[in-house]
Amino acid sequence: MGNLQVLLFVTLALTALFCCDGDMNRPLDEGVKISPETANAFVRRQKRSSPYYERYQEMFKTPMEMKQEQCENYAPCDYYSEVVGFQTAYGYFFGN
């Protein structure tokens, strides 16, 4: 049993010695560098068609937003929505 433990210890020591060479200045450790244009190509926001769309969105609320405000203004529904989610809480207190 002792020979097996010594063999295992030597194997682990040699593995650690060869795997961890200590050279941290390799090119893979510096990361991937891409140009800003390439990086922004997939996160660029789509432009809206007209400025009137934003005003329309500010003036009128969607039915879901109105339901959320109704639930937020009623304390038991607001608390219950934090526990089980908005849809379930609204259905429980106000029906579908």
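Some notes on this structure:
- Point-to-point label distance, Y92-Y74, nm (Cα→Cβ direction, 7 Å offset): 1.2
- Cβ-derived FRET efficiency at R0 25 Å, K61 paired with V84, nearest 0.05: 0.60
- Stretched out straight at 0.36 nm per residue, the stretch from Q5 to S35 would grow longer than its current Cα-Cα span by 5.5 nm.
- Peptides 76-84, 33-41 ordered by average Cβ neighbours within 10 Å, highest first: 76-84, 33-41
- Computed packing ranks the peptides 67-73, 9-15 as 67-73, 9-15, most packed first, by mean other Cβ atoms within 10 Å.
No lab work stands behind these numbers, since they all come straight from the coordinates. Small disclaimer: the values here were computed from a predicted structure and weren't measured. FYI the Cβ positions are ideal-geometry reconstructions off the backbone, even for glycines, and counts take in every protein chain you see.
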